[in-house]
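These notes are about the structure you will find just below.
Quick note: the coordinates plus some simple rules give every number you see, no bench work behind them. The structure displayed is predicted, hence computed values, not measured ones. All Cβ positions, even for glycine, are placed from backbone atoms using ideal geometry, and neighbour counts span all protein chains on display.
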């Protein structure tokens, strides 16, 4: 089967934050002193120039500024990045442009300028509306600042807003998790990301776990209860931890989960490109540390690695993404995105269906069952040896 070139997105990594959170395993670095905004934007555009041959002539359907804390960057620098990127790549009409935002860095007037720069979707790292939980998570904002920041953004004209919330937090009860959602609903966001706190390797929490983390049973009770509350409030689950009002799913993340393509620029950024002429899938990532990145950007030295995804690895990679989606995937989509015949995954599909983890309809759409969503990792693992 020939590989079909999927939609293309652009990911921009802005690596600095005010303070590193103890649960965070992202490539983020505490900003000390004045940050090199101008120099970093120059580096990003040089990085993009270096990667452009991988995506000549293609249209960008979404842009995502992640971090770190992108809202540390003043609007004029976000504007310069977007102006530079759109001069090099064709942006689709209505291109979704998301910026992650920390309520502790929100300022009056900035949101209007971010909108003027082209940002049309904001993702707020709220995590909780309980001040005690926020302190235990090491966040720099409190609940009042969180609510004020969201309202400022809405007053500035942003109607496509995501709130990130976590559950199973240290010393959190079911009632506290419910209260977090109620306060989120009151702000009427278009989208809510709701996910469990996990102790990731190489984080402060992994080295020294905080007291009072709910056990597995309590965490599952929170998840089930909160899923019901989200549904009642009109937020339909479309991915493991993503809930949206009708038509407000995150286009950028959907492209990831559908095994789409994306250019990744910035320190530690990852990209994935389908090379049609070569019938190959390439993963590329950039070196992590901002200081080294600033020196190397635009040159081969900025590339942390290139990995060609051989055909035998593609089923696992595809399922790692697609089985997170409530709607799953079609067998035709699998063939187009991997360049493989559906027959190569037939034994694993049968096993997953027989186990009750997946269902397949007459049109060839494969979806996780309720049971399958509880055992996503086990279902994905079946495709390791396709």
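The simple spin-label model puts a point 7 Å past each Cα toward its Cβ; for residue 202 and residue 277 those points are separated by 3.5 nm.
Among 297, 206, 55, the largest mean-square fluctuation in a Gaussian network model of the chain (Cα springs under 10 Å) belongs to 206. Temperature 10 °C, viscosity 1.306 mPa s: under these conditions the Stokes-Einstein estimate for segment 59-195, based on its Kirkwood radius over C-alpha pairs, is 102 µm² per second.
Taking every alpha-carbon pair under 8 Å whose residues sit at least 6 apart, segment 8-255 reaches a relative contact order of 18 percent.
Distance between the pseudo-spin-label points of residue 310 and residue 182 (7 Å out from Cα toward the beta carbon): 5.6 nm.
Only helices enter this figure: runs of n ≥ 4 DSSP H residues, each worth -39500 (n - 2.57), summed and divided by the residues of the chain, yield -10500 deg cm²/dmol at 222 nm to the nearest 500. Take the Cβ-Cβ distance between residue 258 and residue 211 as r, set R0 to 35 Å, and report the resulting FRET efficiency rounded to the nearest 0.05. That gives a FRET efficiency of 0.30. Across segment 312-385, C-alpha contacts under 8 Å between residues 6 or more apart give a mean separation that, scaled by the residue count, equals a relative contact order of 41 percent. Per residue, the convex hull spanned by the Cα atoms of segment 1-143 amounts to 145 cubic angstrom. For segment 195-223 and segment 233-257, write down the distance between their C-alpha centroids in whole Å. Cα centroid to Cα centroid, the span is 24 Å. Value of Rg to Rh for segment 178-235, rounded to two decimals, is 1.05; Kirkwood radius and Rg both from alpha-carbon coordinates.
Given their separation in residues at 0.36 nm each and the Cα-Cα distance between them, residue 218 and residue 92 gain 40.9 nm when the chain is fully extended. From least to most packed, judged by other beta carbons within 10 angstrom and beginning with the fewest, 129, 26 follow the order 26, 129. Once the mean of 1/r is taken over each pair of separate Cα atoms and inverted, segment 8-255 shows a Kirkwood hydrodynamic radius of 18.9 Å.
Applying 1/(1 + (r/R0)^6) with r as the Cβ-Cβ distance of residue 154 and residue 354 and R0 = 41 angstrom yields a FRET efficiency of 0.25. Using DSSP, restrict attention to beta bridges with both residues in the chain and report what percent are antiparallel, rounded to the nearest 5. Bridges in the chain that DSSP calls antiparallel: roughly 40 percent. Inter-label distance, residue 300 to residue 1: 3.5 nm, where each label sits 7 Å from its Cα along the C-beta direction.
Applying 1/(1 + (r/R0)^6) with r as the Cβ-Cβ distance of residue 385 and residue 361 and R0 = 25 angstrom yields a FRET efficiency of 0.45. Taking 1.002 mPa s as the viscosity and 20 °C as the temperature, the Stokes-Einstein diffusion coefficient of segment 312-385 based on its alpha-carbon Kirkwood radius rounds to 180 µm²/s.
In terms of overall dimensions, segment 212-302 has a Cα radius of gyration and Dmax of 19.4, 54 angstrom.
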